[in-house]
Amino acid sequence: AGAPPLLRVQGLRVAYGKVEALHGVDLSVPAGAIVTVIGPNGAGKTTLLSAIMGLLPSSGRIELDGVPQPRPSVEAMVAQGVGLVPERRELFGDMSVEDNLLLGAFQRYRQGRRDHPTSMEEVFALFPRLRERRRQLARTLSGGERQMLALGRALMGKPRLLLLDEPSLGLAPRVVREIFHIIVELRRRGVAILLVEQNARAALQTADHAYVLETGEVALAGPAQELAGDPRVVESYLGLG
Ligand code: ATP
């Protein structure tokens, strides 16, 4: 009952040539929720986000607000308020922080969205470090600052759903805490998040719902707090302590 979830994926399959990487994945992201997908290397987490964003051909069903997206494309997804922050944090290295942010706003104009974009001031309020470094070239930023800039750039497009691919990868624990703090703040502002993470502990502490993806299939799913206490999750993903 009630409104359909913002994103619903059903029976999603993706193949690289003859090798199938996703074998029929079902998941949904309610509006304004943080949903995490945890799982080992090679489970298909990046593939899942790429397929949802329309970067890879897939079969199965992808719905936004209950409306099927028969041929998802990056253009169509961006136009409907979906943003992707890829794992590699691709930035325009020889452009300043400010110009990278402006490009994030420009893209949504290209997609035909004329409503008010997120202002650079709003992004700087969220990431004060970026304000200090607004004239610095992106390639000279630290790993954490690059992740903040990648997030900030996606936010300039004013998404209602952000797909985040391992935002904590390679970052120091203090920076990881900062990034997760921002993710919670975004939820407070009404942005839904689909968070792919290998840092299962931080992801399960932060998320509302969680899925465990193993070799292209959902092995477990449920409220994040319940999964955090599931012996199978504890043994495979949380370790001791
Ligand atoms: P990681 O956490 O290591 O990034 P992941 O869960 O994101 O892993 P994917 O990158 O989605 O996993 O990969 C899922 C499977 O698909 C792996 O077996 C991988 O080798 C394979 N794969 C990914 N990209 C390609 C590609 N471009 N061509 C062929 N196979 C691919």
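The values are calculated or read from the model by the stated rules, or taken from the named source; none is laboratory data. Note that the coordinates shown come from a computational prediction; the quantities given were computed from them, not determined experimentally. Positions of Cβ are backbone-derived with ideal geometry, glycine not excepted, and every protein chain shown enters the neighbour counts.
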Within the stretch 1-13, can you find the residues that are surrounded by fewer than 22 Cβ atoms within 10 Å (Cβ to Cβ) and within 13 Å of the ligand (Cβ to nearest atom)?
13
Scanning the stretch 66-119 residue by residue, the ones that are part of a loop (DSSP other than H, G, I, E, B), of a type outside the set (Val, Ile, Thr) and either surrounded by fewer than 17 Cβ atoms within 10 Å (Cβ to Cβ) or at pLDDT below 90 (or both) total 23
Restricting to the stretch 146-168, what's the tally of residues that are away from the ligand (no atom under 16 Å from the Cβ) and assigned to a loop (DSSP other than H, G, I, E, B)?
4
Given the conditions (1) among the hydrophobic types (A, V, I, L, M, F, W, C); (2) within 16 Å of the ligand (Cβ to nearest atom); (3) at pLDDT 95 or above, every one holds for residue 171 apart from (3)
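Each row is one residue, and each column tells you yes or no for (1) within 16 Å of the ligand (Cβ to nearest atom); (2) more than 21 Å from residue 186 (Cβ to Cβ); (3) without any contact (Cβ under 8 Å) to a residue 60 or more places away in the chain.
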position	(1), (2), (3)
19	yes, yes, yes
22	yes, yes, no
63	no, yes, yes
96	no, yes, yes
Starting from residues that are assigned to a loop (DSSP other than H, G, I, E, B) and among the hydrophobic types (A, V, I, L, M, F, W, C), keep the ones in the stretch 172-213 and report whichever is surrounded by the most Cβ atoms within 10 Å (Cβ to Cβ).
207
Could you list all residues from the stretch 128-145 that are among the hydroxyl-bearing types (Ser, Thr, Tyr) and assigned to a helix (DSSP H, G or I)?
140
Residues of the stretch 27-58 satisfying the condition of being out of contact with any Asp or Glu (no Cβ under 6 Å at 6 or more places or on another chain), small (Gly, Ala, Ser) and away from the ligand (no atom under 16 Å from the Cβ)
28, 31, 32
Out of the residues in the stretch 65-91 that are touching a residue at least 40 places away in the same chain (Cβ under 8 Å) and more than 16 Å from residue 192 (Cα to Cα), state the one that is farthest from the ligand (Cβ to nearest atom).
91
